[in-house]
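Here's the structure we're looking at; comments come further down.
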Amino acid sequence: MKIALQVNGEHHSLEIADENTPLLWVVRDLLNLKGTKFGCGKAACGACTLHVDGEAVRSCSYAVKFADGKKVTTIEGLGNEEAPHPVQQAWLEHVVPQCGYCQPGFMMATAALISKNPKPTDEDIDKNIINICRCATYYRMRKAIHRAAELERQRLSLTPKNIENGEE
Amino acid sequence: MAKNKISRRKFLVRGGLGTIGVLAVGTYLFRNPIRRQIAGALNTADTPYLGDTSTPVIWFEITEENIVILHSPKVEMGQGTFTGLAQMAAEELEIDMSQIEVVHAQSISGNVDSFATGGSTSISALWVPLRELAATMREMLLQKAAEKMEVEKSTLTISQGKVYSGSTEMSYAQIAEGVVEWEVPDTPKLKPVSQMKWVGKPVPRVDLADKVFGAPIFGMDATLPNMLYGSVVRSSKIGAVYKDADISKAENMPGVVKIVKEDDFVGVVAQSFTEAENAKNAIEVTWETTKNWQTQDIRSMLEVGKGTPFVIQKAGDVDDFLADDSTVESSYWSPIGAHAQIEPNGALAHVEKDKATIYMSTQVVKISRDEIANRLGLAKDQVNLVPTFLGGGFGRRLHTPNGIQAAVLSKAVGRPVKCFFSRKEEFQNDTFRPPTHHVLKAKLDNDGGIETFEHNVSSGDVAFGSPMVPGIAEPILGADLGAWRGGMVQYGAIPNYQAISWRVQLPFATSWWRSLGLLANTFAIESFMDELAVKAKKNPADFRLAHIQKDDRGERLANVIKKVVEVSGYKDELVNNRAMGFAASTDANTPCAQVVEVSIEHNEIKVHKVTCAMDPGLVVNLDQVKAQCEGAIIMGISASLFEKMEVEDGALTPTIYGPYQMAMMKHSPKEIDIILLQGADAPGAVGEPPLGPIGAAIANAVFRLTGQRIRRMPLQDHLQV
Amino acid sequence: MNRIVVLLVIFSLGAFYLIGSNKEPPLEAYTVIPEVKIDSLTAERAYEEVMNVLMHPRCMNCHPTDDIPKQGMDRHPHYFGMSRGKENKGFSATKCATCHQEANNLNSGVPGAPHWSLAPASMGWQGLSRSEIAQRLLDPETNGGKSHKELVTHMTEDELVLWAWNPGVDANGIPRKKPPISEEEFKKAVEKWFDEGAPVPSK
């Protein structure tokens, strides 16, 4: 099956033998973007979380055929050292990662959360951020999520147009 | 090998490991600064650095940009070791943190640790040797600078990676350029802690940016040109031995390159991960199994009294102990625990004619390398084990047959092969935290003081059976030092006490799990101490303090207890439907005391706040020591409240997160207060000690809330509602 | 060593541990009725057949009365604390669709179908009797204003409803159990029941 999709702003046209191949492996092994992680392959841990058309998706359980014609964002496309995404900025400020393996998934889930809800309460965070971190960095993560939301609100207030649109 | 040709005083610059524009400086110690008896080391779990410090191996490189690259023989699995080592080295090298990078030492560099990365020993073990190495290299650079500048060495000054002589300056890179022979001076005197610039500061992690921007740093991320994907069939049944496999269906599956049948396993090599998995599932394996194990079988094997006993601690006279009616006795249990680290085990292997290169997440670089060399029939220096960042360690990567399997598959197809475990295989082929049974007995005197105390711990093996503790050492050691970690009585003022470790060999692999026996042993001992305090009608913290002996170790323990009481405002009563729970432990010479604030909401045990006072000695990185405490506390909450593996019909279960319940964001306390006392002038253990008190502290709080003394982990399962 | 021997005896007598094996509760939600030829269905029999399906975990798991979706034949609460959210589709960022797509995923075992979501809260059935469920189903106040005709269409054509007969595999690759009668039999039973005016036996 021919799949056309945009990943981190780049167009790709791929010939995929099995259209049910998880998007995770297409991103990791075909496009060589290793930031999206394999943790369980059962949509249980969230390490593979990325965005499809702005929505958080667990890519180990997302057949690539559903991504046809869509925009995919991975941790590599979220931001970079020169221009970190508010979530990445907050993660740097709070020195969140330990082993770091699950962190891209958490950051993608958080980026989705603050794009829908730029002022999440602790309860909102508890409900939406349900990935698993074995190093248990949750304590700092919660602080970083509040900080990321704060940075996001500052960013939105600079560009009032975005407030109406909600998502960027 | 070249090492025999190198003079004791001079050696040549070695190759730059294939990197370009790099000046590689190997250095070594003249004298081994750590001559401690191994037995003594094991006794305190104070493990010395066991790497080779007598031959030149690569520790430091200097790049043309004047960046020093430290080759670490310890691996980075989140514990922050790379950052601490960088701080320690920068101190003696007189460079800024921005001028140092840390990489994993590849085994071919010769900088290989014979022990492992584990047991909370990395920073403490390298505290002296690494600074001596750095100081030695600094002096070598100064000496060369003096020669190049044609001035006396003593007239030179040094700052931020540059050497100054009056108005002339040379960077380390300029000094090292073109040098092929180095003079090695006697080991210089080290800088006193009071003059240190980086040690003690909350320096950001050196791997922070890589981990925030998704850099491909883990074993799972390794790739090589022309790489294929492998998958190995693993049994879901305990004790199953591979006999044979019918590969006829799998052979013709899409993407399959080769099915590899060995004497001990069968694996697939395919074009993609999913194709390898699908083909693997089509292989029909004949397994030889013995018994259809159930949880009840394991529990009954484990009862104290059934294994082999070994007295690990004894003081005073406990002989009349059992005769007395007034003996208090309790029995505690802990379940099988899974590592559940998020990065599955795996490896990328490229086996060529006379050499092999293996990229993998491992805590035992040398053992992994040696096992692979053995299996391939290669010499050890023909195998280059390239350690990667670990997506979690926790003891899971001390046994690494996955490296061998990847190498065998690669050899069979003549191309690089990457293979790794599925999550189900991770859960079923883990080297589990062994389940434990504890029987505690005590007798109180007329004043409510403890007169006699006994702890029996029965556990599956932790250290025994691991490649790090050879079988020959077992009869010498007697008891499994991992199983009894945390199992000794830390209250030395009790007149009569003893601890007995009962060894049980379980039918599945058990091993190191962050903090080894500490979590379960402290859960049992400190819950029981609370029972005794309640019986004696004493404040639980004061009760502990009254039984601490007057020596250095005792003083440090007393200090953390007093500190945690003071900072938490500990009260032995309910406030706003919350109870405070207290517990303390000493692990690898690091005492730690915790107070938790707990309530029960919708029948769930909820931990709101944890105050933790710990004395790990000198703190190298304030921020990362706190991070380790925070993580260990929440991991301890997870294990104490929720986690358990069962044995059903011969298989370990569950096999996925969710059914294997772990703490998530919503279970994390909203307040964690860490207070670090520094009661020793060298760094001690950090990564594991704070896992000790948490389970008992929660159980002790639950007792105050409900009157229920829960003596079985996971606590949430056994809460009567 | 004497002491050890004594301990051995004491402990082997003393310490027994009962396993807390959380056996799944027995499945009593639907009643077994004898095989019948669908053509000869009475309205009452059709009703029973329909209700047997609706009370099967494949249907019931997404009709909770506590806003928490259920999973598996033991109808345990959905792992990880997922719940209804504002629009029956989970929370603002972590939605049902974060994991559940338009089709079952045979690699992960995550089930999927178009518009995967919980039934509206007004259509919560869990814990209700058969007749209470039938009443909620038939009442336009609770069923989203559906007429009998629209209900028949919904129950015999909606892809999420019919997912019950295409439930995919679980996380271990084992096929999920389907409702007690086939999709065709169910459709016939639905039509028969509504043809007869959807009577709810009072018992």
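Taken as a whole, the stretch B:100-109 holds no residue that is in contact (Cβ under 8 Å) with a residue 60 or more places away in the chain, buried (at least 22 other Cβ atoms within 10 Å of the Cβ), at positive phi and under 19 Å from the mean Cα position of the chain (by Cα). Select from the stretch C:92-104 the residues that are assigned to a loop (DSSP other than H, G, I, E, B) and more than 12 Å from chain B (Cβ to nearest Cβ) and list them in ascending order. Across the stretch C:92-104, the qualifying residues are C:Ser92, C:Ala93, C:His100, C:Gln101, C:Glu102, C:Ala103, C:Asn104.
Annotation: B:Leu545 fulfils all but one of (1) in contact (Cβ under 8 Å) with a residue 60 or more places away in the chain; (2) surrounded by fewer than 23 Cβ atoms within 10 Å (Cβ to Cβ); (3) touching a Lys or Arg at 6+ places or on another chain (Cβ under 8 Å); the unmet one is (1).
Here is a yes/no grid of residues against (1) surrounded by fewer than 24 Cβ atoms within 10 Å (Cβ to Cβ); (2) more than 17 Å from B:Asp113 (Cα to Cα); (3) polar (S, T, N, Q); (4) at pLDDT 95 or above:
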| residue | (1), (2), (3), (4) |
| --- | --- |
| B:Glu343 | no, yes, no, yes |
| B:Leu348 | no, yes, no, yes |
| B:Glu352 | yes, yes, no, yes |
| B:Ser361 | no, no, yes, yes |
| B:Gly377 | yes, yes, no, yes |
| B:Gly391 | no, yes, no, yes |
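Here are B:Pro401, B:Pro435: which of them is within 30 Å of B:Ala315 (Cα to Cα), more than 14 Å from chain A (Cβ to nearest Cβ) and within 24 Å of the chain's Cα centre (by Cα)?
Values: B:Pro401 fails: within 30 Å of B:Ala315 (Cα to Cα).
From the options B:Pro401, B:Pro435, the qualifying one is B:Pro435.
Each residue in the stretch B:506-531 was checked for being of a type in the set (A, V, I, L, M) and on the phi > 0 side of the Ramachandran plot, and 1 pass.
Tell me, yes or no, whether the stretch B:340-349 has at least one residue that is out of contact with any Phe, Trp or Tyr (no Cβ under 6 Å at 6 or more places or on another chain), outside any loop (DSSP other than H, G, I, E, B) and either of a type in the set (Lys, Arg) or in contact (Cβ under 8 Å) with a residue 40 or more places away in the chain (or both).
The first filter runs over the stretch B:340-349 and keeps only residues out of contact with any Phe, Trp or Tyr (no Cβ under 6 Å at 6 or more places or on another chain), leaving B:340, B:347, B:349.
Remaining after also requiring outside any loop (DSSP other than H, G, I, E, B): B:347, B:349.
Now restrict to residues that are either of a type in the set (Lys, Arg) or in contact (Cβ under 8 Å) with a residue 40 or more places away in the chain (or both): B:347, B:349.
The answer is yes, given that some residue of the stretch B:340-349 is out of contact with any Phe, Trp or Tyr (no Cβ under 6 Å at 6 or more places or on another chain), outside any loop (DSSP other than H, G, I, E, B) and either of a type in the set (Lys, Arg) or in contact (Cβ under 8 Å) with a residue 40 or more places away in the chain (or both).
Remark: C:Gly145 matches the filter, which requires a residue to be small (Gly, Ala, Ser) and away from chain A (no Cβ under 14 Å). Note on the stretch A:7-40: residues that are in contact (Cβ under 8 Å) with a residue 60 or more places away in the chain and more than 9 Å from chain B (Cβ to nearest Cβ) total 3.
Out of the residues in the stretch B:633-684 meeting the condition of being of a type in the set (A, V, I, L, M, F, W, C) and either free of Cβ contacts under 8 Å to residues at least 60 places away in the same chain or out of contact with any strand residue (DSSP E or B) (no Cβ under 9 Å at 6 or more places or on another chain) (or both), tell me which one is farthest from A:Phe38 (Cα to Cα).
At the first step, the residues of the stretch B:633-684 found to be of a type in the set (A, V, I, L, M, F, W, C) are B:633-635, B:637, B:639, B:641-642, B:645, B:647, B:651-652, B:656, B:662-665, B:672, B:674-677, B:680, B:682.
Still in the list and also either free of Cβ contacts under 8 Å to residues at least 60 places away in the same chain or out of contact with any strand residue (DSSP E or B) (no Cβ under 9 Å at 6 or more places or on another chain) (or both): B:634-635, B:656, B:662-665.
Details: B:Ile634: 23, B:Met635: 21, B:Ile656: 14, B:Met662: 18, B:Ala663: 20, B:Met664: 18, B:Met665: 20 Å.
Step by step, filter the stretch B:633-684, then rank; the result is B:Ile634.
Residues of the stretch B:664-684 that are in contact with a Gly (Cβ under 9 Å, 6 or more places away or on another chain) and more than 30 Å from B:Val128 (Cβ to Cβ): B:Met664, B:Lys666.
Conditions tested, residue by residue: (1) farther than 29 Å from B:Gln341 by Cβ; (2) surrounded by 16 or more Cβ atoms within 10 Å (Cβ to Cβ); (3) of a type in the set (Val, Ile, Thr); (4) outside the structural domain of B:Ser124 (by TED's automatic domain parsing).
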{"residue": "B:Val184", "(1), (2), (3), (4)": "yes, yes, yes, no"}
{"residue": "B:Lys189", "(1), (2), (3), (4)": "yes, no, no, no"}
{"residue": "B:Lys197", "(1), (2), (3), (4)": "yes, no, no, no"}
{"residue": "B:Gly239", "(1), (2), (3), (4)": "no, no, no, yes"}
{"residue": "B:Tyr242", "(1), (2), (3), (4)": "no, yes, no, yes"}
{"residue": "B:Ser272", "(1), (2), (3), (4)": "no, yes, no, yes"}
{"residue": "B:Met301", "(1), (2), (3), (4)": "no, yes, no, yes"}
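Might you let me know whether the stretch C:71-83 holds any residue that is touching a Gly at 6+ places or on another chain (Cβ under 9 Å) and more than 14 Å from every other protein chain (Cβ to nearest Cβ)? Scanning the stretch C:71-83, I find no residue that is touching a Gly at 6+ places or on another chain (Cβ under 9 Å) and more than 14 Å from every other protein chain (Cβ to nearest Cβ), so the answer is no. For the stretch A:150-163, the condition of being in a helix (DSSP H, G or I), at pLDDT 95 or above and either touching a Ser or Thr at 6+ places or on another chain (Cβ under 6 Å) or under 30 Å from A:Ile16 (Cα atoms) (or both) holds for none of the residues. Residues of the stretch C:116-132 that are under 21 Å from A:Ala44 (Cα atoms) and more than 14 Å from chain A (Cβ to nearest Cβ): C:Ser117, C:Leu118. Which one is surrounded by the fewest Cβ atoms within 10 Å (Cβ to Cβ), of the residues in the stretch C:126-142 that are part of a helix (DSSP H, G or I) and not β-branched (Val, Ile, Thr)? By that ranking, first place goes to C:Glu132. Exactly one residue out of A:Gly79, A:Gly35 is of a type outside the set (Val, Ile, Thr) and under 30 Å from B:Pro654 (Cβ atoms), and it is A:Gly35. In the set (1) out of contact with any Leu (no Cβ under 9 Å at 6 or more places or on another chain); (2) modelled with pLDDT of 85 or more, the condition left unmet by B:Pro470 is number (2).
The rows are residues; the columns are (1) over 23 Å from B:Ile342 (Cβ atoms); (2) modelled with pLDDT under 95; (3) among the aromatic types (Phe, Trp, Tyr); (4) surrounded by fewer than 20 Cβ atoms within 10 Å (Cβ to Cβ).
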site: A:Ala83; (1), (2), (3), (4): yes, no, no, yes
site: A:Pro97; (1), (2), (3), (4): no, no, no, no
site: A:Tyr101; (1), (2), (3), (4): no, no, yes, no
site: A:Pro104; (1), (2), (3), (4): no, no, no, no
site: A:Met107; (1), (2), (3), (4): no, no, no, no
site: A:Ala112; (1), (2), (3), (4): no, no, no, no
site: A:Lys119; (1), (2), (3), (4): yes, no, no, yes
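B:Val462 meets the conditions (1) within 30 Å of B:Ala215 (Cα to Cα); (2) assigned to a loop (DSSP other than H, G, I, E, B) in every case but one. The failed one is (1). Can you spot a residue in the stretch A:103-116 that is under 25 Å from B:Gly658 (Cβ atoms), among the charged types (D, E, K, R) and within 9 Å of chain B (Cβ to nearest Cβ)? Checked against the condition, which is being under 25 Å from B:Gly658 (Cβ atoms), among the charged types (D, E, K, R) and within 9 Å of chain B (Cβ to nearest Cβ), the stretch A:103-116 yields no hits at all.
Which residues, taken from the stretch A:25-45, are part of a loop (DSSP other than H, G, I, E, B) and farther than 16 Å from C:Gly109 by Cβ?
Quick first cut of the stretch A:25-45, residues part of a loop (DSSP other than H, G, I, E, B) only: A:31-45.
Across the stretch A:25-45, the qualifying residues are A:Leu31, A:Asn32, A:Leu33, A:Lys34, A:Gly35, A:Thr36, A:Lys37.
Test B:Phe218 against the criterion of being surrounded by 16 or more Cβ atoms within 10 Å (Cβ to Cβ) and in contact with a helix residue (DSSP H, G or I) (Cβ under 9 Å, 6 or more places away or on another chain), and give yes or no. Full working, then the answer.
Values: surrounded by 16 or more Cβ atoms within 10 Å (Cβ to Cβ): yes; in contact with a helix residue (DSSP H, G or I) (Cβ under 9 Å, 6 or more places away or on another chain): no.
Spelling it out, it is not the case that B:Phe218 is surrounded by 16 or more Cβ atoms within 10 Å (Cβ to Cβ) and in contact with a helix residue (DSSP H, G or I) (Cβ under 9 Å, 6 or more places away or on another chain).
The set of residues in the stretch B:199-234 that are in contact with a Gly (Cβ under 8 Å, 6 or more places away or on another chain) and among the aromatic types (Phe, Trp, Tyr) comprises B:Phe213, B:Phe218.
Every residue, every condition in (1) crowded, with 19+ Cβ neighbours inside 10 Å; (2) without any contact (Cβ under 8 Å) to a residue 24 or more places away in the chain; (3) hydroxyl-bearing (Ser, Thr, Tyr), yes or no:
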residue: C:Ala113; (1), (2), (3): yes, no, no
residue: C:Gly124; (1), (2), (3): yes, no, no
residue: C:Gly144; (1), (2), (3): no, no, no
residue: C:Ser147; (1), (2), (3): no, yes, yes
residue: C:Thr156; (1), (2), (3): no, no, yes
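The values are calculated or read from the model by the stated rules, or taken from the named source; none is laboratory data. None of these values were measured; they are calculated from a predicted model. Because the Cβ atoms are built from the backbone with ideal geometry, glycine has one as well, and the counts that use them run over all protein chains shown.
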